[in-house]
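Before any comments, here is the structure.
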């Protein structure tokens, strides 16, 4: 994600290297990768036992609670500006309905998903991937 953001600096999806904001970006990317992304993986397998599904769902909600607190007080993970971490969080969280995870009890996350989904480039990407009807 950082590499792609750095290839297109005009979009300002990643703060400059060496800044505290860049480290915050890395922190959020790491969190989404290690605490959300990996928890979804077993939920895509039909053979995953129900006990594991329930445990992964609980783990996801525990981690989403941290994000909910952060996104209640700010629009984006880094504050004022959309970043690569927001794009990654949107992608991973977009899996929730596909695995039966109802995130509607998380109003800040739900509003975040709607904000990201309304971005023109996101609309283009979703259409190109067949995830949105034109």
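Every number here is computed from the coordinates shown, using simple stated rules; none is lab data. What you are looking at is a predicted structure, and each value in this text was computed from that prediction instead of being measured. Positions of Cβ are generated from backbone atoms using ideal geometry, with glycine treated the same way; all protein chains shown enter the neighbour counts.
Some values worked out for this structure:
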item	result
Listed residues 102, 86, 35, most fluctuating in the chain (Gaussian network, C-alpha, under 10 Å)	102
Inverse mean reciprocal Cα-Cα distance (Kirkwood Rh) of the stretch 67-134, Å	12.5
For the chain, built as a Gaussian network whose Cα springs stay under 10 Å, the top-fluctuating residue of 123, 74, 113	123
Contour excess over end-to-end distance, with Cα ends at residue 41 and residue 123 and 0.36 nm allotted per residue	27.0 nm
Of 44, 31, 112, the one that fluctuates the most in a GNM where the chain has Cα springs shorter than 10 Å	44
C-alpha long axis of helix 84-93 to longest principal axis of the chain, angle in °	20
MRE, 222 nm, helices only [DSSP H, n ≥ 4, -39500 (n - 2.57), over the chain, to nearest 500]	-16500 deg cm²/dmol
Contact order relative to length of the stretch 2-128, as percent, for alpha carbon pairs under 8 angstrom and 6 or more apart	25
Rounded Å value of the spacing that divides the Cα centres of the stretch 49-68 and the stretch 95-124	17
Largest-first principal axis extents, alpha carbons of the stretch 8-78, Å	45, 27, 18
Peptides ranked, highest mean first, by Cβ atoms within 10 Å: ranges 9-19, 60-70	60-70, 9-19
Folded to 0 to 90 degrees: helix 50-73 orientation relative to the chain principal axis, Cα	30
Cα-based helix-to-principal-axis angle, 20-31 vs the chain, degrees rounded to 10	20
Diffusion coefficient, µm² s⁻¹, Stokes-Einstein with Kirkwood Rh over alpha-carbon pairs of the chain at 10 °C and 1.306 mPa s	101
